Amino acid sequence: MLTKACDARTYIRGNRAHFTRMCAGHHFRKLYYQALTARRTVVGPDRSAPTKRPASRERTGWGSVNVTDVRGPKAGPLTAVFREPEPLRVPGQQSRVVSLGNRTRACALPDPVEAERVRLHQAFLGRAVDYLCADAGIRQFVDWGCPVPGTAERIRRAHADATVVHVAPTGTAGVLTAAADNAAVLSGDGSGPGAASMLRRLHTSGLVDFDEPVAVLMTRPFGEQDPPAGLDALHSMMRGGGYLALTSTAPRAVAEAAFSPFLPVEPGVADLTWWPYPDEDVSAPGCGTLAGLGRAPRRGRGVSRWQ
């Protein structure tokens with residue numbers, strides 16, 4: 001086998017041009033592969049005799065890859081270092097990242113007028129919640145679409161064991177934050193024609209015990225053309241008594257009439273900025289939004305029309 005392979009190598013060396021022209025044939029391809037096999041056998045290392053593995057090995061021609069350790073005998077283990085790949089820069093090609101320009105600074109700085117409106121609304125809710133928890137002894141609250149965040153957190157600070165239920169339109173932030181403040185959520189439209197359906201769900205869900213005092217915070221400001229709906233039904237449901245908080249941008253007469261049949265709590269309807277102080281006691285300009293608190297007296301246990 002070795003002699004035949006060596007003859008093939010000798011023939012290839014002496015007749016390389018002729019062999020190149022004829023290598024497409026099956027017979028010469030076979031001779032060529034035999035020559036390669038013979039080269040491995042002759043040139044490659046002799047693996048039959050046991051040899052001691054050297055401390056430094058190099059890459060052999062036809063064997064496996066051997067790595068030379070040049071660190072010395074006292075070197076520690078090898079440590080791989082990974083680097084973040086740098087982005088490939090193509091000359092003349094624009095980046096696909098769109099610059100926002102001045103819009104980033106606009107998003108970082110909120111509208112000061114809107115920020116002040118939210119601050120005043122949160123302050124009013126804080127004063128109302130403190131009064132309901134400390135003076136009225138309310139332990140059940142229904143956040144009926146309050147337009148500012150933090151209502152449940154303020155109630156928890158006033159009384160840690162208070163029950164809080166969010167009534168929020170589908171997809172609003174109240175639904176997303178309810179899990180964080182351990183408050184139940186009834187998602188849906190609680191205004192206009194949907195108020196009766198929401199009151200039915202609130203009653204039949206068992207989330208609120210209407211035989212005990214409950215406070216309903218409807219502090220999304222209503223206008224002259226869209227007064228809150230379902231207040232008569234809500235008043236009849238409050239067998240254990242309760243309170244209703246409203247805010248409005250309508251004229252004073254419309255805002256005061258919206259509390260019927262609830263009894264107004266002193267000082268009645270006043271500017272949201274300084275409630276519960278009456279308007280005549282404050283000379284500073286207000287925000288133009290009226291706020292107030294109404295009370296439903298306790299009537300004892302009874303049978304509801306939805307039971």
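Values as computed for the structure displayed
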| read-out | value |
| --- | --- |
| Footprinting exposure proxy for ARG299, ARG156 (fewest neighbouring C-beta atoms within 10 Å first) | ARG299, ARG156 |
| Residue order, fewest to most surrounding Cβ atoms within 10 angstrom, among TRP144, TRP274 | TRP274, TRP144 |
| Residues with amide H under 5 Å from that of ALA184, placed H, sequence gap 5 or more | VAL164, HIS166 |
| Label-to-label distance, nm, for residues given as ARG299 and ASP189 (7 Å Cα→Cβ offset) | 2.9 nm |
| Packing-based exposure ordering (other Cβ within 10 Å, fewest first) of TYR277, TYR131, TYR243 | TYR277, TYR131, TYR243 |
| Label-point gap, in nm, between ASP130 and ASP281 - each point 7 angstrom along Cα→Cβ | 1.4 nm |
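A short reminder: the numbers here are calculations on the coordinates, not readings from a lab. This structure is a prediction, so every number in the text was calculated from the model and none was measured. Virtual Cβ from ideal backbone geometry, glycine too; neighbours counted across all protein chains shown.
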